1. So what J values fall out for region B:339-344 if you push phi through Karplus, 6.51 cos²θ - 1.76 cosθ + 1.60 with θ = phi - 60°, rounded to Hz, Gly and Pro as x?
2. Could you give the longest part of chain B that holds none of the chymotrypsin sites (Phe, Trp or Tyr not before Pro) found in DSSP loops with at most 13 neighbouring Cβ atoms within 10 Å?
3. Could you name the lysines whose alpha carbon sits less than 26 Å from that of A:LYS135, not counting residues in the same chain fewer than 8 places away?
4. Please give the per residue volume of the convex hull enclosing the alpha carbon atoms of the protein assembly as shown, rounded to a whole number of Å³.
5. Please give the helix B:306-322 orientation as an angle from the longest Cα principal axis of chain B, in degrees from 0 to 90, rounded to the nearest 10.
6. Provide the FRET efficiency to the nearest 0.05 for the B:PHE8-B:LEU378 pair, computing r from the beta carbons and using R0 = 41 Å.
7. Take the Cα atoms of region A:78-187, find their three principal axes, and give me the spread along each one in whole Å, biggest first.
8. Does anyone have the angle between helix B:2-37 and the longest principal axis of chain B? Alpha-carbon axes, 0 to 90°, nearest 10?
Amino acid sequence: MLETKNIDFYYGGFHALKNIGMKMEDHTVTAFIGPSGCGKSTFLRLFNRMNDLIPDTRLTGECLIDGEDIYHKSVDVTSLRKRVGMVFQKPNPFPKSLFENVAYGLRVAGTTDSRFIAQRVEESLKGAALWDEVKDKLKKSAFELSGGQQQRLCIARALAIAPSVILMDEPASALDPISTSKIEDLIHILKKDYTIVIVTHNMQQAARVSDKTGFFMLGELIEYNDTKKIFMSPEKEETQNYITGRFG
Amino acid sequence: MKRIFEKFIESLLTLSGATTGIIILLIVIFLFREGAGFFRHSEIESGYVLCVNEENPVYRLTPKQIKEIFDYEIDNWSLVGGNDEEITPFRISDISDYYSDEELGENNEFLPEKLGEIIAATPGMVAFIPEQYAADTNERVRQLITEKLNPADFFGGDTWMPTATPAPQFGLLPLLLGTLWVGLCAILIALPLGLGVAIYLGELADEKIRNLLKPTIELLAGIPSVVYGFFGLVVVVPFIQKTFDLPVGETAFAGSLILAIMALPTIITVAEDAIRNTPQAMREASLGLGANHWQTIYRVVVPYSISGISAAVVLGIGRAVGETMAVLMVTGNAAVIPHSLFEPVRTIPATVAAELGEAPHGGAHYGALFVLGCILFLITVVISVTAEVISKKQPQA
């Protein structure tokens, strides 16, 4: 379970997240929607401490995974990131073969058992619904895949390290409609085994894939509820305005 | 009115582009034309011939054989395909050993005749004499066949003695090997250091240090090479001499060290740019999979920027091979094929710089230096093209 309490986040002097508290249950898909610059991606990236890479940032409040504060001094960031996989907006495979892309997380974790790695790569590619398309060209460069295939490869790469949470930052925004629907189908399947948090600009997508939706605006969590509720009968006027396309 | 002005500017720009192109082309054509002139020269000094006794069965000697005969290294005709007979080399100045000035006449009018007599009387003699005298000797004197300088001797020759008489030695190998040897060692020194600094600057250094260090390193590239030469001569050369207990400190190693320092800025700047051009998405993907900073550097950043890094290496080599002044000052300039790092060597650019002033215009030596220029030009072209090809192979994400 993911939980935040009184999160405030600053880029230098800019107050990017304001007092955010929310809970995300296991094996659910939670979508974050909101206009550009509202802080939804920043919030997502708190959960695998990706924001640590950006200099001059500051965080207050608590960010818990299964009750453990992941910003506590005793937490090892690399092992945290093995528990929380991430898929990025643009497909970003490594300049390596398909196989090595998926095996990457295992290799950096020190796994040397090649049979185990091969098995894990196959499982992960099957898990990302890519196996049938690529099983004959695992040695080929990842750059030879189409954009949609590359994104599913990145999902497979995240699955290979067996995380419990998968963060997706607009995973389909750079893809065509067919590839997008494949990714969405995949999210439905992955929900059984993983807790998924997805940031999206596409409100239909949020409505299609998620169980719960959080609406962000100007660094604040305006409304957080069941997806059906958010889209059918939102409580706040801002949410209503946004989902009906009056601004954003 | 405005239209005309724009047209004017446009044609001006076109003209300057064309002029630059033509000038470069002219330089290259000039270089190769002068270089080609080298192979039209005769093997022995122009205006002279080599004469032997008519009974001598040898008709031709190679430049190398001629040199060794006149250096008394070959002393028997059987070693060069003749009879078992001692060789007596003869230069025109040796005439005073045979005849007094009176016997040769006031204006040397009897000189050709006397030369003929000496050669006719000495079966093992080979005489290096001016062409005009050779014609008036006698029928018992025969001229050896001399050919034009030949490319095989040039490219395969192991001796560079362009001012030797009667036959100058134009052997490329010592110079080429000296150049490659010094360049290679320079790169072996500069590469680990340069890449280390590039990775440090690109990945580890914090912004303040980087903003200080990078301009400083780029400044290094602007220091005139003669200043590096001073430093090498005054600091590096004595240091090497003492440390390795050598008779002289001016060695290939000194040149390599100086060149390494000079190639560093290029390598660091280009490699660091390549490293910083690695998309942040690559780093995030790697870190997001639980890799630590080091794993990200050597498993993702370096492989991703490998083409840029290779380009840096090749450009560094280019700098090392083409550099003239500093190397001229510290390598000792002995044109011998190097066997170790701690011997003096001479590089191609240093040879051209040192010898062009004393080579008579239009002579064989002069032509030879231009051939060296052509070779250097070709080497750097190959290096630049390689760098270009490699850097175009940047992976596209």
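1. 10, 8, 6, 9, 10, x
2. Working: sites that count: B:TYR59, B:TYR72, B:PHE244.
Counting only loop sites that pass the neighbour cut-off, the longest clear stretch is B:73-243.
3. Of all the lysines, those that pass the test against A:LYS135 - Cα under 26 Å, at least 8 places apart if same chain - are A:LYS82, A:LYS90, A:LYS96, A:LYS126, A:LYS182, A:LYS191, A:LYS192.
4. Values: hull volume 178.6 nm³, N = 645.
Hull volume over Cα atoms, normalised by residue count, gives 277 Å³.
5. Relative to chain B, helix B:306-322 is tipped by roughly 30 degrees.
6. Details: r = 40 Å, r/R0 = 0.97.
Once rounded, the FRET efficiency stands at 0.55.
7. Extents along the principal axes: 39, 32, 22 Å.
8. Between the helix axis and the principal axis of chain B, the angle is about 40 degrees.
The values are calculated or read from the model by the stated rules, or taken from the named source; none is laboratory data. Since the structure is predicted, the reported quantities are computational estimates derived from the model, not experimental observations. Neighbour counts run over all protein chains shown; Cβ positions are idealised from the backbone, glycine included. Only protein heavy atoms, including side chains, enter the accessible area calculation; ligands, DNA and RNA are left aside. Shrake-Rupley method; radii C 1.70, N 1.55, O 1.52, S 1.80 Å.
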